[in-house]
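*Asks:* Got a structure for you, written out below as structure tokens; questions coming shortly.
The values are calculated or read from the model by the stated rules, or taken from the named source; none is laboratory data. Being a predicted model, the structure only gives us computed values, none of them experimental. So basically every Cβ, Gly included, is an ideal-geometry build from the backbone, and we count neighbours across all protein chains shown.
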Amino acid sequence: MADTKEKESKQARQADPGEAPEGQEPKAADVAPAEAPAAPKPKQKDKQKGKKPGEGKRAAPAEPEGPPVEPAPPPRLHEYYEQRVRPKLAQQFGLANPHEIPKLVKIVLNVGMGDASKNPKALEAAVAELAAITGQQPVVTRAKKAIANFNLREGMPVGCSVTLRAARMFEFLDRFITIAVPRMRDFRGLPTDSFDGRGNYTIGIKEQMIFPEIDYDKVEKIHGMDITLVTSAGRDDTALALLRELGMPFRGEAPVA
């Protein structure tokens, strides 16, 4: 019986070689190693190759400080045109289509200076004065072709100009009619024969001192300018009616109430 039990225990140990004999600890090679915990993934850094920390991230929009800014009110001359001038012109000329009613398109102010190339300081002063008058930065005008009699080469500066549209156009015309025109010397009204046949009117100003934005003590040279009012009328009589209703003080006519 004892021999039979000993044989059975040997057979069991041969079937399970990882089991250690009684009273003996199992060897390290016989024990299966436990699974090691997974290493934590490295955190992605903001600083990558060729990128700075925080680059590529959109910053949150800054909240405006204080109360919201209200839009500027429309010029009063523009409101006067829309409320009173347009209906009156449509009735006067029988215009059923509102797009046919004449309107002011733009105002061009041009200062011509023959010595602009020889006297750059005078040109800079004229540009600064025109910017103060209109509230818009002028551009320097240059000769388009050479004229030998005037020693003028192509591309030489000959003056400066600015083009006004929309709100600035109406604001300038309002100041010109109410403030600048009454300051002209011996003013007796604007001539009515200065149209070009296509509904555009040009005024010649002898000196820039009539505008209140000009400081007399800082003026280096007195110069004139041309002011052209471009309309969509297409005809001189229609343009004359438009400008008259806007308040232009033409010669021999009482100002519009």
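*Asks:* What number of residues in the range 215-248 are surrounded by 17 or more Cβ atoms within 10 Å (Cβ to Cβ) and at pLDDT 90 or above?
*Replies:* Of the residues in the range 215-248, 18 are surrounded by 17 or more Cβ atoms within 10 Å (Cβ to Cβ) and at pLDDT 90 or above.
*Asks:* Next question. Within the range 77-133, how many residues are of a type in the set (Ser, Thr, Tyr) and modelled with pLDDT under 95?
*Replies:* Qualifying residue count for the region: 1.
*Asks:* Oh, and also: Failed condition for Pro182, given (1) closer than 16 Å to Ala128 by Cα; (2) in contact with a Pro (Cβ under 9 Å, 6 or more places away or on another chain); (3) free of Cβ contacts under 8 Å to residues at least 40 places away in the same chain, with all others met?
*Replies:* (1)
*Asks:* Please name all residue pairs, on different chains or six or more residues apart, with Cβ atoms under 9 Å, provided the first residue is in the range 240-252 and is at positive phi and the second residue is among the polar types (S, T, N, Q) and not in a helix (DSSP H, G or I).
*Replies:* Gly252/Thr192
*Asks:* Can you tell which of Arg183, Arg188 is over 23 Å from Pro120 (Cα atoms) and either exposed (fewer than 11 other Cβ atoms within 10 Å of the Cβ) or of a type in the set (Gly, Ala, Ser) (or both)?
*Replies:* Step by step, each of Arg183, Arg188 is checked, and only Arg188 is over 23 Å from Pro120 (Cα atoms) and either exposed (fewer than 11 other Cβ atoms within 10 Å of the Cβ) or of a type in the set (Gly, Ala, Ser) (or both).
*Asks:* Please go through the range 170-192 and give me each residue that is charged (D, E, K, R) and farther than 22 Å from Val85 by Cα, ordered by number.
*Replies:* Matches in the range 170-192: Arg183, Arg185, Asp186, Arg188.
*Asks:* Given the options Glu79, Glu124, name the one that is within 30 Å of Gly159 (Cβ to Cβ), among the acidic types (Asp, Glu) and loosely packed, with under 15 Cβ neighbours inside 10 Å.
*Replies:* Sole residue among the options that is within 30 Å of Gly159 (Cβ to Cβ), among the acidic types (Asp, Glu) and loosely packed, with under 15 Cβ neighbours inside 10 Å: Glu124.
*Asks:* Separate question: From the list Gly204, Gly189, pick out the single residue that is farther than 22 Å from Leu95 by Cβ, free of Cβ contacts under 8 Å to residues at least 24 places away in the same chain and touching a strand residue (DSSP E or B) at 6+ places or on another chain (Cβ under 8 Å).
*Replies:* Gly204
*Asks:* Quick one: how many residues across the range 147-169 are of a type in the set (A, V, I, L, M, F, W, C) and at pLDDT below 80?
*Replies:* Residues in the range 147-169 being of a type in the set (A, V, I, L, M, F, W, C) and at pLDDT below 80: 4 in total.
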